[in-house]
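The values are calculated or read from the model by the stated rules, or taken from the named source; none is laboratory data. Treat the numbers as computed from the prediction; the structure is a model and nothing was measured. Ideal geometry is used to build each Cβ from the backbone, glycine not excepted, and the neighbour counts take in all protein chains shown.
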Amino acid sequence: MKLLLLSGYFILIFSCKSNDTALLSYSNAFKSTVGYKMELKSKSLTVTTEADFNIDSVSNGLLKVNTIINKMTWQDGGSDIEKDQNNHLKQFTGVPYYFEMDSTGKIIKPLTNKETNEDASKIFDVKLFFPGYPAGLIKAGEKWEGSRQIHDMVFASVKTTSTLNKIDGDNCYVNMQYRFVEDTKMFTKKFEGLYLIDKNTGLLTSGNLLISGFNGFSNTSGTIQISRII
């Protein structure tokens, strides 16, 4: 009886400890195909993007992610700008793109047009769909940070702060904060919210972010909702 109780005690301790840590990595997402719908909403504007990502391998442990944008739309209530924007966005849909990253999500080669080999990273930020992770095990409550250059008319870079909020079975809840940086400090922009991550593959399941900032004239606000559709 004592042996059985002792064995049960060790099993309980092991299960508790394993549920408090996670090894978030895209290495187990090899050969996966995922599709996401992202909606950026403000008071008078909704921008929708739907894209599919096929994760393949390349040499030296890097992952090549083949990308197709299926839909990009701009809705602002039917203005002339809406028509012009939608005509502009059509050129990006159905075009084969790809990017390369390592198993932690660090971008090695930015989003690139397969047909022209041109940098296409200004079209949309793939890091919103593939957040970065630290190497090794992380515990609930642990925080990690990152910084990268971006293509933007105002902001030069973005600093990311991520916190593993909790682990529930195969789900990791990660608090995300994106702080955009520009030299004059006249403008501000921040995304902040919660990502639900698949613990086994590192792939995003869903994300909900609040947008806040100042555009030089007034405060800005909105939301970004990301849902996995494949």
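Would the range 67-86 turn up any residue that is under 15 Å from the mean Cα position of the chain (by Cα), crowded, with 16+ Cβ neighbours inside 10 Å, modelled with pLDDT of 95 or more and polar (S, T, N, Q)?
The initial filter retains those residues of the range 67-86 that are under 15 Å from the mean Cα position of the chain (by Cα), namely 67.
Those still in the list that are crowded, with 16+ Cβ neighbours inside 10 Å too: 67.
Now drop any that are not modelled with pLDDT of 95 or more, which leaves 67.
Right, trim to polar (S, T, N, Q) and you get 67.
For the range 67-86, residues under 15 Å from the mean Cα position of the chain (by Cα), crowded, with 16+ Cβ neighbours inside 10 Å, modelled with pLDDT of 95 or more and polar (S, T, N, Q): present.
Name the residue, out of Thr205, Thr188, Thr220, that is more than 20 Å from Met153 (Cβ to Cβ) and either of a type in the set (Ser, Thr, Tyr) or over 11 Å from the mean Cα position of the chain (by Cα) (or both). Explain how you work it out, then say what you get.
Values: Thr188 fails: more than 20 Å from Met153 (Cβ to Cβ); Thr220 fails: more than 20 Å from Met153 (Cβ to Cβ).
After applying the criteria, what remains is Thr205.
Before we move on, is Tyr173 closer than 25 Å to Phe30 by Cα, of a type in the set (Ser, Thr, Tyr), touching a residue at least 12 places away in the same chain (Cβ under 8 Å) and not in a loop (DSSP other than H, G, I, E, B)?
On the way: closer than 25 Å to Phe30 by Cα: yes; of a type in the set (Ser, Thr, Tyr): yes; touching a residue at least 12 places away in the same chain (Cβ under 8 Å): yes; not in a loop (DSSP other than H, G, I, E, B): yes.
Taking the combined requirement at face value, the residue satisfies it.
Return yes when Leu137 is surrounded by fewer than 14 Cβ atoms within 10 Å (Cβ to Cβ) and of a type outside the set (Lys, Arg) and no when it is not.
On the way: surrounded by fewer than 14 Cβ atoms within 10 Å (Cβ to Cβ): yes; of a type outside the set (Lys, Arg): yes.
Here the answer is yes, as Leu137 does meet what is asked.
Please report, ordered by residue number, the strands (runs of 3 or more DSSP E) entirely within the range 93-162 with at least 2 residues that are within 17 Å of the chain's Cα centre (by Cα) and hydrophobic (A, V, I, L, M, F, W, C).
Working: elements: 96-101, 107-113, 143-149.
Of the strands (runs of 3 or more DSSP E) lying wholly inside the range 93-162, those with at least 2 residues that are within 17 Å of the chain's Cα centre (by Cα) and hydrophobic (A, V, I, L, M, F, W, C) span 96-101, 107-113.
Check Asn19 against each of (1) within 18 Å of the chain's Cα centre (by Cα); (2) at pLDDT below 95; (3) surrounded by 14 or more Cβ atoms within 10 Å (Cβ to Cβ) and name the one condition it does not meet.
(1)
For the range 144-161, check the following and say yes or no: at least one residue is closer than 26 Å to Asn86 by Cβ and in contact with a Leu (Cβ under 8 Å, 6 or more places away or on another chain). Show your work before the answer.
Looking only at the range 144-161, we keep the residues that are closer than 26 Å to Asn86 by Cβ, and these are 150-155.
Right, trim to in contact with a Leu (Cβ under 8 Å, 6 or more places away or on another chain) and you get none.
No.
Do we find that Leu45 is at pLDDT below 95, farther than 27 Å from Lys199 by Cβ, over 20 Å from the mean Cα position of the chain (by Cα) and surrounded by fewer than 17 Cβ atoms within 10 Å (Cβ to Cβ) in this structure?
Working: at pLDDT below 95: no; farther than 27 Å from Lys199 by Cβ: yes; over 20 Å from the mean Cα position of the chain (by Cα): yes; surrounded by fewer than 17 Cβ atoms within 10 Å (Cβ to Cβ): yes.
The answer is no for Leu45.
For Asp198, state whether it is farther than 17 Å from Ala22 by Cβ, among the charged types (D, E, K, R) and in contact (Cβ under 8 Å) with a residue 24 or more places away in the chain. Break it down stepwise before answering.
Working: farther than 17 Å from Ala22 by Cβ: no; among the charged types (D, E, K, R): yes; in contact (Cβ under 8 Å) with a residue 24 or more places away in the chain: yes.
So Asp198 fails the test.
Considering only the range 155-170, how many residues are farther than 19 Å from Leu24 by Cβ and surrounded by fewer than 16 Cβ atoms within 10 Å (Cβ to Cβ)? Steps first, please.
We begin by selecting, within the range 155-170, every residue farther than 19 Å from Leu24 by Cβ; these are 155-159.
Subsequent filtering for residues that are surrounded by fewer than 16 Cβ atoms within 10 Å (Cβ to Cβ) retains 156-157, 159.
Residues flagged as farther than 19 Å from Leu24 by Cβ and surrounded by fewer than 16 Cβ atoms within 10 Å (Cβ to Cβ) within the range 155-170 amount to 3.
Select from the range 56-101 the residues that are touching a Lys or Arg at 6+ places or on another chain (Cβ under 7 Å) and among the hydrophobic types (A, V, I, L, M, F, W, C) and write down the one among them that is farthest from Leu128 (Cα to Cα).
The qualifying residue farthest from Leu128 (Cα to Cα) is Val58.
What pairs come out if I take residues in the range 206-221 that are more than 14 Å from Ser44 (Cβ to Cβ) and pair them with residues that are loosely packed, with under 13 Cβ neighbours inside 10 Å whose C-beta lies under 6 Å away, six or more apart or interchain?
Ser212/Ser221; Gly216/Met186
Scanning the range 171-210 for residues that are farther than 25 Å from Gln149 by Cα and touching a Lys or Arg at 6+ places or on another chain (Cβ under 6 Å), which turns out surrounded by the fewest Cβ atoms within 10 Å (Cβ to Cβ)?
Checking each candidate, the answer is Tyr173.
Given the residues Gly141, Gly132, Gly146, which is the only one that is farther than 20 Å from Tyr178 by Cβ and modelled with pLDDT of 95 or more? It would help to see each step written out before you state the result.
Working: Gly132 fails: farther than 20 Å from Tyr178 by Cβ; Gly146 fails: farther than 20 Å from Tyr178 by Cβ.
Only one candidate passes the filter, namely Gly141.
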